[in-house]
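Engineer: One structure, pasted below without further comment.
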Amino acid sequence: MFIYNLKLNEDKIFKTILGILLVIISLLIIYVCYILINKSTFKTSDYLRESNLYELNSSNYTSVLKNVHDNIDIYVGQNIKFTGFVYRLYDFSDDQFVIGRNMIISSDYKSVVVGFLCSSSEIKNYKDNEWVEIEGTITKGDYHGEIPIIKITKINNADVPSEEYVYPPDNSFVTTSTVL
């Protein structure tokens, strides 16, 4: 029977274990920070880049409209689809129009027209206040300042939606990759 007398240097073992733990904790902290930073930078446009076509609806219409106007450069080149009525102003060119919706602005149901400025030679076939569904690409243009302009690729007649009115954007709209 052999007996081994091992002499352990407790100070070295402690320092080694402590070093390994510090490396593991540092890696965990870096990973958590990376995750938090990436989640907080999700924007509405993240979803658009993953999708070929994004469809607006009555519940997200004004929030998306505001976000696209506020961040034009992020959305240029994205495809979009939505329903609205044809609305023209006196200073529009023959191929310019707004696909608009009435946004309620007060408790007594007063409304204003909001929408995207669009461009298409086919608009001559549609009358003011006629409901249409459009598909198009977001571009940057100028109309009394820099604004997004939808270059129409497809336009069809549409029925008046069940939720004809839209409401102002609110704080419940979170610009993440799961929404617009």
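The values are calculated or read from the model by the stated rules, or taken from the named source; none is laboratory data. Keep in mind that what you see is a predicted model, and the values were worked out from it rather than measured. For neighbour counting, all protein chains shown are included, and Cβ atoms are generated from backbone atoms with ideal geometry for every residue, glycine included.
Engineer: Determine if the range 137-159 includes at least one residue that is within 20 Å of SER63 (Cβ to Cβ) and at pLDDT below 90.
Structural biologist: Taking every residue of the range 137-159 in turn, none turns out to be within 20 Å of SER63 (Cβ to Cβ) and at pLDDT below 90.
Engineer: Still on this structure, please answer the following. Would you say GLU122 is touching a residue at least 60 places away in the same chain (Cβ under 8 Å) and of a type in the set (D, E, K, R)?
Structural biologist: On the way: touching a residue at least 60 places away in the same chain (Cβ under 8 Å): no; of a type in the set (D, E, K, R): yes.
In short, no.
Engineer: Oh, and also: Please work out which one of (1) at pLDDT below 90; (2) on the phi > 0 side of the Ramachandran plot is the condition ASN129 fails and give its number.
Structural biologist: Condition (1) is where ASN129 drops out.
Engineer: Another question about this same structure. Looking at the range 153-164, which of the residues that are touching a Phe, Trp or Tyr at 6+ places or on another chain (Cβ under 8 Å) and part of a strand (DSSP E or B) is nearest to ASN67 (Cα to Cα)?
Structural biologist: For the range 153-164, the residue satisfying everything is ILE155.
Engineer: What pairs can you find where one residue is in the range 136-151 and touching a residue at least 12 places away in the same chain (Cβ under 8 Å) and of a type in the set (S, T, N, Q), the other is in a strand (DSSP E or B) and exposed (fewer than 15 other Cβ atoms within 10 Å of the Cβ), and their Cβ atoms are less than 7 Å apart, with a gap of 6+ or different chains?
Structural biologist: Pairs that qualify, where the first residue is touching a residue at least 12 places away in the same chain (Cβ under 8 Å) and of a type in the set (S, T, N, Q) and the partner is in a strand (DSSP E or B) and exposed (fewer than 15 other Cβ atoms within 10 Å of the Cβ), are THR137/LYS151; THR137/THR153; THR139/LYS151.
Engineer: Given (1) among the β-branched types (Val, Ile, Thr); (2) more than 12 Å from ILE150 (Cβ to Cβ); (3) out of contact with any helix residue (DSSP H, G or I) (no Cβ under 7 Å at 6 or more places or on another chain); (4) surrounded by 13 or more Cβ atoms within 10 Å (Cβ to Cβ), identify the lone condition not met by VAL98.
Structural biologist: (2)
Engineer: Counting only residues that are surrounded by 10 or more Cβ atoms within 10 Å (Cβ to Cβ) and either in contact with a strand residue (DSSP E or B) (Cβ under 8 Å, 6 or more places away or on another chain) or under 30 Å from LEU65 (Cβ atoms) (or both), which one in the range 14-40 is modelled with the lowest pLDDT?
Structural biologist: Only one residue fits best here, namely LYS39.
Engineer: Can you name the number of the only condition in (1) surrounded by 10 or more Cβ atoms within 10 Å (Cβ to Cβ); (2) farther than 17 Å from ASN67 by Cα that SER107 fails?
Structural biologist: SER107 satisfies all of (1) surrounded by 10 or more Cβ atoms within 10 Å (Cβ to Cβ); (2) farther than 17 Å from ASN67 by Cα except (1).
Engineer: Restricting to the range 74-90, and then to whatever is among the aliphatic types (A, V, I, L, M) and part of a loop (DSSP other than H, G, I, E, B), can you tell me which residue is nearest to the chain's Cα centre (by Cα)?
Structural biologist: That would be VAL76.
Engineer: From the residues in the range 110-121 that are crowded, with 17+ Cβ neighbours inside 10 Å and in contact with an Asp or Glu (Cβ under 7 Å, 6 or more places away or on another chain), which one is nearest to ASN157 (Cα to Cα)?
Structural biologist: Step one: of the range 110-121, the residues crowded, with 17+ Cβ neighbours inside 10 Å are 114-120.
Then keep just the ones that are in contact with an Asp or Glu (Cβ under 7 Å, 6 or more places away or on another chain); that gives 119-120.
Numbers: SER119: 16, SER120: 15 Å.
Filtering the range 110-121 for residues that are crowded, with 17+ Cβ neighbours inside 10 Å and in contact with an Asp or Glu (Cβ under 7 Å, 6 or more places away or on another chain), the one nearest to ASN157 (Cα to Cα) comes out as SER120.
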